[in-house]
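**Student:** Handing you this structure, nothing more for now.
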Amino acid sequence: MKDHSDSPLKETMQSAGEHLAKKNGATAARSGLHLLHQRRARSHYLTRLIVKTGDKVVILKTGDIDAIESAGNYVAVQFGRESHILRGTLSALAAQLDPKKFLRISRSAIVNLDRVKELLPMFKGEHVMVLYNGKHFAMTLGLREAERALKFS
């Protein structure tokens, strides 16, 4: 009588099972790496700024920032009625801020999307962004792009 333990069908089934196990393991590993990458991506944005003013160090939560304006190699960080100057460019700071919370609306301004009150039309299709603190910022960013960012922030 022939032993069926070495049959070609059994070998094929075993090989297929091993292949699926490897594939599922690789998929699970990729999924795990993807989740880790997402977690890292979320955490690489600044949550606080350290500002030296005179003899003290002020710590600002980025969520408390209203807007940031460029001043050459410096930026003015505005929150409430206060403003602090930091050394660095607007582009460098923009790269460290969460794009779901902050939007660069011109070459010289970034706004906290949670602080935007309204968009006012000006002339020739231009718009001004108004914050809850009453400050106005001219936008060079397109209206549709600003509206999209505000919807999904």
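**Student:** Go through the stretch 75-101 and give me each residue that's without any contact (Cβ under 8 Å) to a residue 12 or more places away in the chain and either surrounded by 18 or more Cβ atoms within 10 Å (Cβ to Cβ) or among the small types (Gly, Ala, Ser) (or both).
**Tutor:** Answer for the stretch 75-101, where residues must be without any contact (Cβ under 8 Å) to a residue 12 or more places away in the chain and either surrounded by 18 or more Cβ atoms within 10 Å (Cβ to Cβ) or among the small types (Gly, Ala, Ser) (or both): Ala76, Ser83, Ser91, Ala92, Ala95.
Quick grid of which residues meet (1) more than 19 Å from the chain's Cα centre (by Cα); (2) at pLDDT below 95; (3) within 17 Å of Val130 (Cα to Cα):
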residue: Ile68; (1), (2), (3): no, no, yes
residue: Gly80; (1), (2), (3): yes, yes, yes
residue: Ser83; (1), (2), (3): yes, yes, no
residue: Leu86; (1), (2), (3): yes, yes, no
residue: Ala92; (1), (2), (3): no, yes, no
residue: Lys100; (1), (2), (3): no, yes, no
residue: Val111; (1), (2), (3): no, no, yes
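**Student:** Checking the condition aromatic (Phe, Trp, Tyr) and touching an Asp or Glu at 6+ places or on another chain (Cβ under 7 Å), which residue from Phe102, Phe123, Phe152, Phe79 passes? I'd like the intermediate steps shown before the answer.
**Tutor:** Details: Phe102 fails: touching an Asp or Glu at 6+ places or on another chain (Cβ under 7 Å); Phe123 fails: touching an Asp or Glu at 6+ places or on another chain (Cβ under 7 Å); Phe152 fails: touching an Asp or Glu at 6+ places or on another chain (Cβ under 7 Å).
Within the list Phe102, Phe123, Phe152, Phe79, the selection yields Phe79.
**Student:** Mind checking which residues of the stretch 103-146 are of a type in the set (S, T, N, Q) and either surrounded by fewer than 18 Cβ atoms within 10 Å (Cβ to Cβ) or more than 26 Å from Lys61 (Cα to Cα) (or both)?
**Tutor:** Residues of the stretch 103-146 that are of a type in the set (S, T, N, Q), as a first pass: 106, 108, 112, 133, 140.
Result: Ser106, Ser108, Asn133, Thr140.
**Student:** Among the residues of the stretch 125-134, is any charged (D, E, K, R) and under 30 Å from His44 (Cα atoms)? Full working, then the answer.
**Tutor:** As a first pass, look at the stretch 125-134 and keep what is charged (D, E, K, R): 126.
Narrowing the set further to residues that are under 30 Å from His44 (Cα atoms) leaves none.
Within the stretch 125-134 (the criterion being charged (D, E, K, R) and under 30 Å from His44 (Cα atoms)), the answer is no, since none of the residues qualifies.
The values are calculated or read from the model by the stated rules, or taken from the named source; none is laboratory data. None of the values given here were measured: they were computed from a predicted structure. Here Cβ is always computed from backbone atoms with ideal geometry, including for glycine, and neighbour counts include all displayed protein chains.
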